[in-house]
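Engineer: Okay, handing you the structure first.
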Amino acid sequence: MGTHHDSATIITLVSKHYGLAAVTAEPLIGEADINYRLTTEDGTRYTLKISQPDQDRKTIRFQYDLLSYLATKKLSFLVPSPVGDLVELEGGNLLRLLSWVPGRMLDEVNPISKKLRVQWGKTAAELTNALAGFSHPDAPSAYKWNPAQTLDCRPLAMYMPPEKARLANFFWDRFERETLPGLAGLPVAINYNDAHPHNLLVNGAGEIAGVIDFGDAMRTCTLSELAVACAYAGMNTSDPIGAMTEVISGYRQKINEAVSIDHLLGLVVGRLLITVAVAAENAQKEPENDYLQVSAAPAWDLLEKLRTLHPVIINARFAAAYGSLWTGNDSLRQWLKTHPATVIDFAGKTTIKMDLGVGSGDLGNYTNYDDPKLFTRRIARHLENENAGFGYGGYGEIRPVYTTDDFATEGNYGPRWRTVHLGTDIWGPAQTPVLAAYDGHVHMVGVDPTNHGCGNVIILKHQLDGHLFYTFYGHLSAASTAGIRAGTQVQSGDEIAQLGSPAENGGWPPHLHFQVTRHMLDHEVDFPGVAYPADAEAWLWLCPQAMIVPAEQPAAPETWKSHHLDKPAERLLDRRKKHLGYSLSVSYQSPLLIERGRRQYLLDHTGRRYLDTVNNVAHVGHEHPAVVEALQQQAAVLNTNSRYLHENLIRFAEELTATLPPELSVVHFVNSGSEANELALRMCEQWSGTRNMIAVETGYHGNTGRTIDISGYKFAGKGGKGCPPATKIIPMPDTFRGIHRDAENPGQKYAAYARQRIAEWADQGEKLGGFIAESILSCGGQIVLPEGYLREVYREVRTAGGLCIADEVQVGLGRVGSHFWGFELQGVVPDIVTIGKPLGNGHPLAAVVCTPEVAACFANGMEYFNTFGGNPVSCSVGRAVLRVIKEEGLQQHALETGDYLKTQLFSLQARFPLIGDVRGEGLFLGFELIQPSTAPASAHPSAPHDAMSPATKQASYLKNRMRELGFLMSTDGPDENVIKIKPPMSFDRKSADQLIHYLSRVLAEDGCMMP
């Protein structure tokens, strides 16, 4: 029986030999066995395996007994269990009936997350643990899929194209030279030997819950189990070693007996070579069988990537993941501690420790490292202020200077940057003599060709007290290195060069980059000076810290890891929960520890740069230099209350009102949007004599007592007490999922509810105080008001004697693009406008602007005084914000960039039905995720029963997944199914393209396809 039989034949076969009443028999793919999935009338499933006549009968019995043995073990996943015994068919085929293991192949999961890779490693370890006590006389000890026997496949290179054969032979040569001699000393046991993503099954909870196909099981070195898992985990990834280290960390968590992983890389490559060699042979012998080629292309791609990486750093990364890198005595590190190096003579000069880390106050604003001239000036000024001749530091430091687009590469989790500094920098005057740290000889001299490299470089080689290592000296003057030749002997303290000038360092200030490395990794003068945070343990081991004079305490790798890698955000969160209000939340399932802002980006403690698409408060960009400078300059001179005359206060009021209709001419400065809306409500009460207010459903206007009373987002949500008597809510004018989504003139239809609420109060003999609404509804889900809506509502409110408040806290100041203020989209002029912290770019500054009539009514004899409202510092900040908006053309920028982004979102909508609607104006956009349904699944109070179901789970997945990839997004709307986009106004087309690229990737993932 060499081919699949028809269903009826198989059903008869299992009935005859196992008494099983199957109703269907579906063929399954396989390399050796002929396989079927059987289903009985009650839905129970089984696997039927029929061997080929030429298969070894003892091997099949071994596999059968192995599964019987595993059936007695307590595993965290299912494996096939034998049902009945082996049956021999006429012709010599063996029949096996096994229990069915449900699940979806890991290969079909998108994405394969870190959690799954860690589980992958745990699964391999559990199999190793379980099989440690299993022995069998017929266990194969030689098999073509055994990584340790990869050299047996070398003759198959004849089937490969010449360039592929050269690559394969390179690795086979290295295996024979470096791996094979050490295999004899490795522990040996029976291995599963096939942790392939086609054989690992994932359940509905996204966990590995099953392992199938034990046809490759054999007796071999135990380490092969992990090697096979790593080989497949590294496929189809941007950073294959990173993916493998996640598997290794999971393996280490579960393995009972620690193993040496010194030869893990060799066995990983061994399995990959078998994969490509067997595929090459099969392509010639069975070209029609696509299954036999399933791993060939990704295996070749992985081999190409491994060819560019040195095994020393790969092994170090593996050891770091396994927890064995820093165990034992590191003799070189200890030697460096006890042999301080003098690389610059500091005699008679004061030296200071300098901090250029992510959150460094020494470094200051991002402009200080964006511009080499400003950076040079910053360093010089800092040294001068400290009366120091030299500054030093930087080993293990995470630096924001490396987080620009020039340094970005693609990792497994989005863009990434090498931010961990591997050397010590010494900042001082150009032409300062540089001294050899230790006895040795010149290994190499040259110019670093890499972008933002170390300029003129000398590398010395040292062999001292049994230690072989290299020292690296960068940013030297060309003249001082011109006469240096490789091989020249040097003594400790010899002058070998001088510090280069800014002109020789790409404009950067004079300094020495001094670094130690154990191995050159086949690099020349382009040896890396920085590392990715995820790889930092390995690189800090490879490049241990040298003690320089003046001596500094080394950043021990375990301390560095504790500070930067071992969940510092979680530790900080624990302290936060202890000391801060218990109702204060944090964003995202994995909290972020943010230490720096830069235009439309936020940087975390590892230097990871996140594109911020939600922080409208940083209106003109995080830490805009003009705003920072205005704050610093005025704060150094005067900050006091508004009872004193000050030019800034009046100028700011004049400049702000100049952006508004002439009717709005009187300003009251406050400190927050909540305070602004609270004051506006007091004005309404003074005007009308009542607190009665009309507000829009799901609105949010602040966190004070009275603003919560008009904020359905708060009083109708968790912990809220419901709508108070002095507030009446009208339906959100949602034309996508709201009451009147298909109506003609929806603005008039929705505005009519205001007339109804006014009539209800009139029937009770009560008056109306006013109406408040955002000009685009933010918490409601970025709802753009339908045409004519505010005009109709304002008319009804004013007829009833009330005032109209436009809440511009989130949408004002040019954000909507076509207009400076959101209410202008509706062609109306409110009586009161409230403006929030975007006016201060995040500084506590807000304003209430009203008509002279409202201001006169409010001035009833009770003084309104606000200690910090209108203080000179805040006014300087506000004026700077208005000036930046104008000078940088940010309103027009918002219009053009917003239109471009919205067009791209419409393109996504055409590809992904999950996106039900795209809406917004300028850089105040949103897209709503829905799944068509006739069920009344909405929490939206005003949605009809036939509304499309909100895709709330998908929205949450998208938000958190985008955060993992380096994009900060957030959800809004009554059902939390609207993704809002309201970034700093520095957000540009490049940002839009990056955002759309990753959105398209995530929208295609399983988390966005869930029911």
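Engineer: Out of all the residues in segment 803-856, which are over 39 Å from the mean Cα position of the chain (by Cα) and on the phi > 0 side of the Ramachandran plot?
Structural biologist: Of everything in segment 803-856, just one residue is over 39 Å from the mean Cα position of the chain (by Cα) and on the phi > 0 side of the Ramachandran plot, namely 827.
Engineer: In this structure, does residue 75 turn out to be farther than 15 Å from residue 218 by Cβ, touching an Asp or Glu at 6+ places or on another chain (Cβ under 9 Å) and not assigned by TED's automatic domain parsing to the domain that holds residue 203? If you could, list the steps in order and put the result at the bottom.
Structural biologist: Details: farther than 15 Å from residue 218 by Cβ: yes; touching an Asp or Glu at 6+ places or on another chain (Cβ under 9 Å): yes; not assigned by TED's automatic domain parsing to the domain that holds residue 203: yes.
For residue 75, the condition - farther than 15 Å from residue 218 by Cβ, touching an Asp or Glu at 6+ places or on another chain (Cβ under 9 Å) and not assigned by TED's automatic domain parsing to the domain that holds residue 203 - is met.
Engineer: Condition first: of a type in the set (S, T, N, Q) and farther than 27 Å from residue 893 by Cβ. Now tell me which residues in segment 782-818 satisfy that. If you could, list the steps in order and put the result at the bottom.
Structural biologist: So in segment 782-818, the residues of a type in the set (S, T, N, Q) come out as 782, 799, 810, 818.
799 - this is the single residue of segment 782-818 that is of a type in the set (S, T, N, Q) and farther than 27 Å from residue 893 by Cβ.
Engineer: Right, next: For segment 23-67, give me each residue that is over 14 Å from residue 96 (Cβ atoms) and touching a strand residue (DSSP E or B) at 6+ places or on another chain (Cβ under 8 Å).
Structural biologist: 23, 24, 25, 26, 27, 29, 39, 40, 41, 45
Engineer: Between 144, 164, which is modelled with pLDDT under 95 and either outside any helix (DSSP H, G or I) or out of contact with any Asp or Glu (no Cβ under 9 Å at 6 or more places or on another chain) (or both)? Full working, then the answer.
Structural biologist: Details: 164 fails: modelled with pLDDT under 95.
So the residue among 144, 164 that is modelled with pLDDT under 95 and either outside any helix (DSSP H, G or I) or out of contact with any Asp or Glu (no Cβ under 9 Å at 6 or more places or on another chain) (or both) is 144.
Engineer: I've got another one for you. Please specify each residue of segment 413-431 satisfying the condition of being surrounded by fewer than 22 Cβ atoms within 10 Å (Cβ to Cβ) and not in a strand (DSSP E or B).
Structural biologist: Result: 413, 429, 430, 431.
Engineer: For segment 843-860, which positions are out of contact with any strand residue (DSSP E or B) (no Cβ under 6 Å at 6 or more places or on another chain) and closer than 12 Å to residue 673 by Cβ?
Structural biologist: Of everything in segment 843-860, those that are out of contact with any strand residue (DSSP E or B) (no Cβ under 6 Å at 6 or more places or on another chain) and closer than 12 Å to residue 673 by Cβ turn out to be 844, 845.
Engineer: Then there's this: Name every residue in segment 40-55 that is under 43 Å from the mean Cα position of the chain (by Cα), of a type in the set (S, T, N, Q) and part of a strand (DSSP E or B), in order of residue number.
Structural biologist: Here is the first cut: in segment 40-55, the residues under 43 Å from the mean Cα position of the chain (by Cα) are 43-47.
If we keep only those that are of a type in the set (S, T, N, Q) as well, we get 44, 47.
Across segment 40-55, the qualifying residue is only 47.
Engineer: Additional query: Looking at segment 750-769, is at least one residue crowded, with 24+ Cβ neighbours inside 10 Å, under 47 Å from the mean Cα position of the chain (by Cα), at pLDDT 95 or above and of a type in the set (Phe, Trp, Tyr)?
Structural biologist: Scanning segment 750-769, I find at least one residue that is crowded, with 24+ Cβ neighbours inside 10 Å, under 47 Å from the mean Cα position of the chain (by Cα), at pLDDT 95 or above and of a type in the set (Phe, Trp, Tyr), so the answer is yes.
Condition check ((1) surrounded by fewer than 17 Cβ atoms within 10 Å (Cβ to Cβ); (2) over 30 Å from residue 431 (Cβ atoms); (3) among the hydroxyl-bearing types (Ser, Thr, Tyr); (4) in the same structural domain as residue 449 (by TED's automatic domain parsing)) across all residues:
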| position | (1), (2), (3), (4) |
| --- | --- |
| 506 | yes, no, no, yes |
| 511 | no, no, no, yes |
| 516 | no, no, no, yes |
| 522 | yes, yes, no, yes |
| 529 | no, no, no, yes |
| 532 | no, yes, yes, yes |
| 539 | no, yes, no, yes |
| 546 | no, no, no, yes |
| 550 | yes, no, no, yes |
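Engineer: Does residue 277 qualify as being in contact with a helix residue (DSSP H, G or I) (Cβ under 6 Å, 6 or more places away or on another chain), crowded, with 24+ Cβ neighbours inside 10 Å and more than 18 Å from residue 117 (Cβ to Cβ)?
Structural biologist: When the stated conditions are applied, residue 277 passes them.
Engineer: In addition: Name the single residue, out of those in segment 70-82 being surrounded by fewer than 16 Cβ atoms within 10 Å (Cβ to Cβ) and not polar (S, T, N, Q), that is nearest to residue 46 (Cα to Cα). Show your work before the answer.
Structural biologist: Here is the first cut: in segment 70-82, the residues surrounded by fewer than 16 Cβ atoms within 10 Å (Cβ to Cβ) are 71-76, 81.
Restricting the remaining residues to those that are not polar (S, T, N, Q) gives 71, 73-75.
Values: 71: 15, 73: 20, 74: 21, 75: 20 Å.
Here the answer is 71.
Engineer: Right, another one. Residues being in a helix (DSSP H, G or I), surrounded by 15 or more Cβ atoms within 10 Å (Cβ to Cβ) and modelled with pLDDT under 85: count how many of those fall in segment 280-302.
Structural biologist: Matching residues across segment 280-302 total 2.
Engineer: A further question on this structure: Can you pull out the residues in segment 604-625 that are part of a strand (DSSP E or B) and at pLDDT below 95? Break it down stepwise before answering.
Structural biologist: Narrowing segment 604-625 to residues part of a strand (DSSP E or B): 604, 609-612, 622.
The answer is 604, and nothing else.
Engineer: Also, quick follow-up: How many residues does segment 747-786 contain that are under 15 Å from residue 919 (Cβ atoms) and without any contact (Cβ under 8 Å) to a residue 12 or more places away in the chain?
Structural biologist: 0
Engineer: Can you find a residue in segment 330-345 that is assigned by TED's automatic domain parsing to the domain that holds residue 386 and on the phi > 0 side of the Ramachandran plot?
Structural biologist: For segment 330-345, residues assigned by TED's automatic domain parsing to the domain that holds residue 386 and on the phi > 0 side of the Ramachandran plot: absent.
Engineer: Could you list, in sequence order, all residues of segment 184-195 that are surrounded by 20 or more Cβ atoms within 10 Å (Cβ to Cβ) and under 39 Å from the mean Cα position of the chain (by Cα)?
Structural biologist: 191, 192, 193, 194, 195 - these are the residues of segment 184-195 that are surrounded by 20 or more Cβ atoms within 10 Å (Cβ to Cβ) and under 39 Å from the mean Cα position of the chain (by Cα).
Engineer: Is it fair to say residue 2 is closer than 30 Å to residue 254 by Cβ and either at pLDDT below 90 or assigned by TED's automatic domain parsing to the domain that holds residue 201 (or both)? Break it down stepwise before answering.
Structural biologist: Working: closer than 30 Å to residue 254 by Cβ: no; either at pLDDT below 90 or assigned by TED's automatic domain parsing to the domain that holds residue 201 (or both): yes.
So residue 2 fails the test.
Engineer: Looking for something in a strand (DSSP E or B), hydroxyl-bearing (Ser, Thr, Tyr) and surrounded by 22 or more Cβ atoms within 10 Å (Cβ to Cβ) - is there at least one such residue anywhere in segment 792-814? Lay out the reasoning, then the answer.
Structural biologist: From segment 792-814, those in a strand (DSSP E or B) are 803-807; that's our starting set.
With hydroxyl-bearing (Ser, Thr, Tyr) added as a condition, the list becomes none.
Checking segment 792-814: not a single residue is in a strand (DSSP E or B), hydroxyl-bearing (Ser, Thr, Tyr) and surrounded by 22 or more Cβ atoms within 10 Å (Cβ to Cβ).
Engineer: Here is a list of conditions, (1) small (Gly, Ala, Ser); (2) surrounded by fewer than 22 Cβ atoms within 10 Å (Cβ to Cβ); (3) touching a His at 6+ places or on another chain (Cβ under 9 Å), and residue 705 meets all of them except one; can you say which number that is?
Structural biologist: Just one mismatch for residue 705, condition (3).
Engineer: Same structure, new question: Filter segment 815-848 for residues that are surrounded by fewer than 24 Cβ atoms within 10 Å (Cβ to Cβ), acidic (Asp, Glu) and assigned to a loop (DSSP other than H, G, I, E, B) and give the result.
Structural biologist: Across segment 815-848, there are no qualifying residues.
Engineer: Now for a different question. Failed condition for residue 379, given (1) within 17 Å of residue 624 (Cα to Cα); (2) buried (at least 20 other Cβ atoms within 10 Å of the Cβ), with all others met?
Structural biologist: (1)
Engineer: Ok, one more. Go through (1) in contact with a helix residue (DSSP H, G or I) (Cβ under 7 Å, 6 or more places away or on another chain); (2) surrounded by fewer than 16 Cβ atoms within 10 Å (Cβ to Cβ) for residue 271 and report which single condition fails.
Structural biologist: Residue 271 satisfies all of (1) in contact with a helix residue (DSSP H, G or I) (Cβ under 7 Å, 6 or more places away or on another chain); (2) surrounded by fewer than 16 Cβ atoms within 10 Å (Cβ to Cβ) except (2).
Engineer: Now a separate question. Tell me the residue from 474, 483 that is of a type outside the set (Val, Ile, Thr) and either part of a strand (DSSP E or B) or crowded, with 19+ Cβ neighbours inside 10 Å (or both), please. Before you say what the answer is, go through the steps one by one.
Structural biologist: Working: 483 fails: either part of a strand (DSSP E or B) or crowded, with 19+ Cβ neighbours inside 10 Å (or both).
The match here is 474.
Engineer: Taking segment 132-150 only, how many residues are closer than 24 Å to residue 272 by Cα, surrounded by 13 or more Cβ atoms within 10 Å (Cβ to Cβ) and of a type outside the set (Ser, Thr, Tyr)?
Structural biologist: 8
Engineer: Considering each residue of segment 446-459, count those that are crowded, with 22+ Cβ neighbours inside 10 Å and either touching a helix residue (DSSP H, G or I) at 6+ places or on another chain (Cβ under 9 Å) or farther than 18 Å from residue 479 by Cβ (or both), and give that number.
Structural biologist: First, pick out the residues of segment 446-459 that are crowded, with 22+ Cβ neighbours inside 10 Å: 454, 456-459.
Within this subset, residues satisfying the condition of being either touching a helix residue (DSSP H, G or I) at 6+ places or on another chain (Cβ under 9 Å) or farther than 18 Å from residue 479 by Cβ (or both) are 456-459.
Within segment 446-459, residues that are crowded, with 22+ Cβ neighbours inside 10 Å and either touching a helix residue (DSSP H, G or I) at 6+ places or on another chain (Cβ under 9 Å) or farther than 18 Å from residue 479 by Cβ (or both) number 4.
Engineer: Does segment 654-668 include one or more residues that are assigned to a helix (DSSP H, G or I), without any contact (Cβ under 8 Å) to a residue 24 or more places away in the chain and either under 26 Å from residue 616 (Cβ atoms) or out of contact with any strand residue (DSSP E or B) (no Cβ under 6 Å at 6 or more places or on another chain) (or both)? Steps first, please.
Structural biologist: Step one: of segment 654-668, the residues assigned to a helix (DSSP H, G or I) are 654-657.
Then keep just the ones that are without any contact (Cβ under 8 Å) to a residue 24 or more places away in the chain; that gives 654.
Still in the running and either under 26 Å from residue 616 (Cβ atoms) or out of contact with any strand residue (DSSP E or B) (no Cβ under 6 Å at 6 or more places or on another chain) (or both): 654.
Within segment 654-668 (the criterion being assigned to a helix (DSSP H, G or I), without any contact (Cβ under 8 Å) to a residue 24 or more places away in the chain and either under 26 Å from residue 616 (Cβ atoms) or out of contact with any strand residue (DSSP E or B) (no Cβ under 6 Å at 6 or more places or on another chain) (or both)), the answer is yes, since at least one residue qualifies.
Engineer: Search segment 850-867 for residues that are surrounded by 12 or more Cβ atoms within 10 Å (Cβ to Cβ) and pair each with any residue that is among the hydrophobic types (A, V, I, L, M, F, W, C) when their beta-carbon atoms are under 6 Å apart and the residues are at least 6 apart or on different chains.
Structural biologist: Here the result reads 850/666; 850/832; 854/683; 855/666; 857/687; 858/683; 866/670, each pair linking segment 850-867 to a residue that is among the hydrophobic types (A, V, I, L, M, F, W, C).
The values are calculated or read from the model by the stated rules, or taken from the named source; none is laboratory data. From a predicted model like this one, the values you see are computed outputs, not experimental measurements. Backbone-built Cβ (ideal geometry, glycine too); neighbour counts: all protein chains shown.
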